[in-house]
Amino acid sequence: MKRRRSGAARGAAPGLVRTLAEAGMVGAWEWDPPSGRFLLDEGAAALMAGDPGLAGRPLQSERATAGLEEADVERFLDAVRRAVEGDDAVTIELRSAGLPRARRLLCRGRILRDGLGRPIRGEGTLVDAAEVGADARALLGLSEDAAGAAIDEAAGLLIAARRAIDASGNPHLRDLVDVVLLEVAREIANRSQPASPVRH
């Protein structure tokens, strides 16, 4: 595979390319069907693999996804497999587990095929969900999870704040942040009920 910086944007609808550029792409990836290996640019290597030093190196799937939240690794690989089986499109929201904070990523990709319909390459882009407005999320096919993404991000930030407050030894601040954490936990639980179509 040859390294390309933003190959997934080529051939896409002009509106999508413009939206991705305005939103601020943070990474691009490619996938080689025969070998099953991924090739990541520096941004994708930092977020998906957890190591920007792996940019440009063919990586097996377990290494290429080592920087994602554990629950999202199989979701991403399943999305790629479904695309290969005939859907062609990869559209998924992921969470990187990187420091100093986790990031929510919008992943949009596609499978390219030869004249006989055989997959020859997969390519995609990553966009920081925090930088994407409602119009961009709609173009990316992920508009339905905007509220859930915000609540999940708030939960992560509150947990980090709780740890810092624990270290400070201030019981009043700890009680206050616990109240907010409880409300956020209730909201997440409500969104996780079987009747809800929202995915986390």
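Accessible surface comparison of SER96, SER35, SER168, SER61, probe 1.4 Å, protein chains only, largest first: the order is SER168, SER35, SER61, SER96. Ligands, DNA and RNA aside, THR125 has an accessible area near 0 Å² when probed at 1.4 Å. Applying 1/(1 + (r/R0)^6) with r as the Cβ-Cβ distance of ALA154 and ASP32 and R0 = 35 angstrom yields a FRET efficiency of 0.40. Simple spin-label estimate for ALA185 and ASP114 gives 5.5 nm between the two label positions (7 Å along the Cα-to-Cβ direction from each Cα).
Between rounded, prolate and oblate, where does the range 34-75 land on the alpha carbon gyration tensor, with a ≥ b ≥ c its root eigenvalues, rounded for a/c under 1.5, else prolate if a/b exceeds b/c?
Since a/c reaches 1.5 but b/c is at least a/b, the shape of the range 34-75 is classed as oblate.
Taken along the Cα-to-beta-carbon direction at a fixed 7 Å, the label points for ALA164 and LEU176 span 1.3 nm. Applying 1/(1 + (r/R0)^6) with R0 = 25 Å to the Cβ-Cβ distance of ALA89 and SER61 gives a FRET efficiency near 0.85.
The values are calculated or read from the model by the stated rules, or taken from the named source; none is laboratory data. Note that the structure is a prediction, hence the values are computed from the model and not measured. Ideal geometry is used to build each Cβ from the backbone, glycine not excepted, and the neighbour counts take in all protein chains shown. These area figures cover heavy atoms from the full protein model, side chains too; ligands, DNA and RNA do not enter into them. Shrake-Rupley method; radii C 1.70, N 1.55, O 1.52, S 1.80 Å.
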